[in-house]
1. Among the numbered criteria (1) open to solvent by 30 Å² or more (accessible area, probe 1.4 Å); (2) modelled with pLDDT of 95 or more, which one does Lys308 miss?
2. Six or more apart or on different chains, Cβ atoms under 8 Å: show the pairs whose first residue is in the stretch 93-104 and over 10 Å from Thr18 (Cβ atoms) and of a type outside the set (Val, Ile, Thr) and whose second is in a helix (DSSP H, G or I) and open to solvent by 10 Å² or more (accessible area, probe 1.4 Å).
3. Take Glu254 and tell me if it is modelled with pLDDT of 90 or more, open to solvent by 40 Å² or more (accessible area, probe 1.4 Å) and of a type outside the set (A, V, I, L, M, F, W, C).
4. Restricting to the stretch 88-101, name every residue that is under 18 Å from Ile149 (Cβ atoms), not hydrophobic (A, V, I, L, M, F, W, C) and not in a strand (DSSP E or B).
5. Taking Ala193 as the residue in question, decide whether it is within 26 Å of the chain's Cα centre (by Cα), assigned to a helix (DSSP H, G or I) and at pLDDT below 95.
6. Can you confirm whether Lys169 is open to solvent by 90 Å² or more (accessible area, probe 1.4 Å) and at pLDDT 95 or above?
7. Among the candidates Gly130, Gly117, Gly158, which residue alone is farther than 30 Å from Met328 by Cβ, under 21 Å from the mean Cα position of the chain (by Cα), part of a strand (DSSP E or B) and in contact (Cβ under 8 Å) with a residue 60 or more places away in the chain?
Amino acid sequence: MPHSIKKLQPEKILIRSTNWIGDAIMTTPAVRTIRENFPEAHIAILSHPWVADVFRASPHVDEVIEYKKKTEHIGIAGIWRLGRQLATHDFDLTILLQNAFEAAVIARIARIPAIAGYSTDGRGGLLTHGVKLKKSIKQLHQVYYYQNIMKELGLVCGPDELFLQLTPKVVQWARQFVKDKKAGPVIGLNPGAAYGPAKRWPDEKYGRLAGRLASELSATMLVFGTAADQEATAVISGFAPDNVIDLAGKTTLEEAMALISVCDAFVTNDSGLMHVGAALKTPLAAIFGSTDAVATGPFSDNSVVIQKDLPCSPCLKETCKTDFRCMMDIHVEEVLEAVKKLLADNSLHKA
């Protein structure tokens, strides 16, 4: 076990965030653990711009520093520039939640005296407090994977519960957005997934689900996605044009998170927004195909995973080379029934 970082009594801590929204959400218990162990420290988090909104309103973080890898910090010169910029902050300690070799290099350029994280990706020699990654940890949910770093560094781990706080202003905006559009329940649909097509339930199935939700529940559907998902969201809109609000490419991450927080239910592929829904405790149905729900499923008691038990699943592949049965065998009817049960259970919970 590495020496405890508690003894360092750092005044300024830099956390290196993971690169993707879902991963960042799954680190939030670990970030809270850092805050609880160092309540008086100034804590900054280094993140890519597309992840920054996860932490902007967090009481566990005092400052968000953006790693603009595609512009200001592009290439080797950009990495050097970022490291030298960070050096002006005089951090005492950095905790690397991201595993890349590059993360440790940046910390070294920044002349941070204590560098902690998993000793993976050939970077063990760059760390002052390296944590060995045990095989047993890799088999658990990612929340425990990040909390294990804290435990091995001698910190007292806080709750494993996901944490996502939004500003009152954006939540009020989201409530107003749906207020005049709500006849029946507001249901979010998230047909996208960054990892690859093997994680995506077919657009037509989402569309037929939207049609059933509109006809049977008079639901209003908020369809989420990036600009790259607009073809998919257009297909879905065609099944219930009067009940679907197509948001693809039209919201910031902060706005999307706020809108998910006011949904009565959320249907989603395995994606970053799935983890957003879990953190916000929105009732959700998560559709899984090629990926592992044990490791990256929604970390929420208010969710259901819909996944077929097949010999080839989870294959963890981006594309299916055979018959895509893991997704094709998930029928609209079973997702519809899952949504109805979530709505009913949530109604009872509120009563």
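The values are calculated or read from the model by the stated rules, or taken from the named source; none is laboratory data. Everything quoted here is computed from the prediction, not taken from an experiment. Here the Cβ is made from the backbone with ideal geometry for all residues, glycine too, and neighbour counts use every protein chain on show. Accessible surface areas use protein heavy atoms only, side chains included; no ligands, DNA or RNA. Shrake-Rupley method; radii C 1.70, N 1.55, O 1.52, S 1.80 Å.
1. (2)
2. Leu93/Leu8; Phe101/Leu126; Glu102/Ile79; Ala104/Leu126
3. The answer is yes for Glu254.
4. Hits for the stretch 88-101 are Asp92, Gln98, Asn99.
5. no
6. For Lys169, the condition - open to solvent by 90 Å² or more (accessible area, probe 1.4 Å) and at pLDDT 95 or above - is met.
7. Exactly one residue qualifies, and that residue is Gly117.
Results for (1) under 23 Å from Ile306 (Cβ atoms); (2) assigned to a helix (DSSP H, G or I), shown as yes or no for each residue.
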site	(1), (2)
Gln176	no, yes
Gly184	yes, no
Trp201	yes, no
Lys205	yes, yes
Leu222	yes, no
Val235	yes, yes
Ala240	yes, no
